[in-house]
1. Is any helix in the chain, taking whole DSSP H runs, at least 15 angstrom long along its axis by alpha carbon and on average at least 1.0 on the Kyte-Doolittle scale, and which ones?
2. Suppose a student asked you for the relative contact order of the chain, using Cα pairs under 8 Å spaced at least 6 residues apart; what percent would you report?
3. In the Gaussian network model of the chain, springs joining C-alpha atoms below 10 Å, which of LEU56, LEU76, LEU174 carries the largest mean-square fluctuation?
4. Between ILE39 and SER17, take the C-beta separation as r, use R0 = 45 Å, and let me know the FRET efficiency to the nearest 0.05.
5. How large is the helix-only mean residue ellipticity at 222 nm for the chain, computed as the sum of -39500 (n - 2.57) over DSSP H runs with n ≥ 4, divided by its residue count, in deg cm²/dmol to the nearest 500?
6. Quote the accessible area belonging to HIS113 in square angstrom, nearest 10, computed with a 1.4 Å probe and with ligands, DNA and RNA left uncounted.
7. Taking only Cα atoms of region 56-211, what ratio of Rg to Rh do you get with Rh as the Kirkwood inverse-distance radius?
8. Pick from MET132, MET43, MET156 the residue whose mean-square fluctuation is largest in a GNM of the chain, springs joining Cα atoms under 10 Å.
Amino acid sequence: MKTATTPLSGQRRGRLSVRSLAVTAMLSAVAFVLMFIEIPIPMLIPSFVKMDISDLPALLGAFSLGPVYGIVIELLKNLLHIIFKGTSSAFVGELFNFTMGAVFCLAAGLIYHFKKDRKGAVIGSLVGCAVMAVLSVPFNYFLVYPAYEVFYGMPMEAIIGAYQVILPSVDNLLECLMIFNLPFTFCKGLIDAIICFLIYKPLSPLLHGQK
């Protein structure tokens, strides 16, 4: 049986849609700015891999609006980055950033969508971190690091050598990615999730349009 749509319910959906778009735009802008705040951790991973929290706004969007909005925020963040800063890797870096962030938000947001409580948010975040970390290995191995060779003129021996400065026993790219990049990516997502849990409640009125 179909329910008739009243003018009031239509207006409410319209307000929700406008609010969702406004929140998405705001979070995308914040994520774009956060992309410029990169922190190298040379004692743990080579300096060309940097820590940032630009996935945080997308995770907030995935929890408050739904996983699709989190993906849209990741997309807009990278599009803004390309428009205002350009690309030095033929869009490979931006594609990697978008894909990893989208996977993170999709997994976390979907689980939270079906279990909307703190436990669901925690499980979703951990699963999102794990999926993002695992997928970062083949993406880096087959796409990102070969692009480094082409666009940055970094021979694979030099890339592996940067890892060997920290751990001399590593001798191939896959080993480097498994030992360094996989746990680094997981921890990066975990930091985003922890900050999200700390600020979600204070930001909830803004994210949900509550007074």
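The values are calculated or read from the model by the stated rules, or taken from the named source; none is laboratory data. In this text, all values refer to a predicted model and were calculated from it rather than measured experimentally. With ideal geometry, Cβ positions are generated from the backbone for all residues, glycine too; neighbour counts draw on all protein chains shown. Heavy atoms of the whole protein, side chains included, go into the accessibility calculation; ligands, DNA and RNA do not. Shrake-Rupley method; radii C 1.70, N 1.55, O 1.52, S 1.80 Å.
1. On the way: long enough: 7-34 (40 Å, 0.71); 67-85 (27 Å, 1.22); 92-114 (33 Å, 1.39); 118-139 (31 Å, 1.50); 156-166 (16 Å, 1.32); 182-208 (35 Å, 1.24).
Flagged H segments are 67-85, 92-114, 118-139, 156-166, 182-208.
2. So the answer I get is 21 percent.
3. The residue that fluctuates most here is LEU174.
4. Details: r = 37 Å, r/R0 = 0.82.
So, using R0 = 45 Å, E works out to roughly 0.75.
5. Details: 9 runs with 150 residues, N = 211.
The helix-only estimate for the chain comes to -24000 deg cm²/dmol at 222 nm.
6. That residue has around 100 Å² of solvent-accessible surface.
7. On the way: Rg = 17.3 Å, Rh = 16.7 Å.
Dividing the radius of gyration by the Kirkwood radius yields 1.04.
8. MET43
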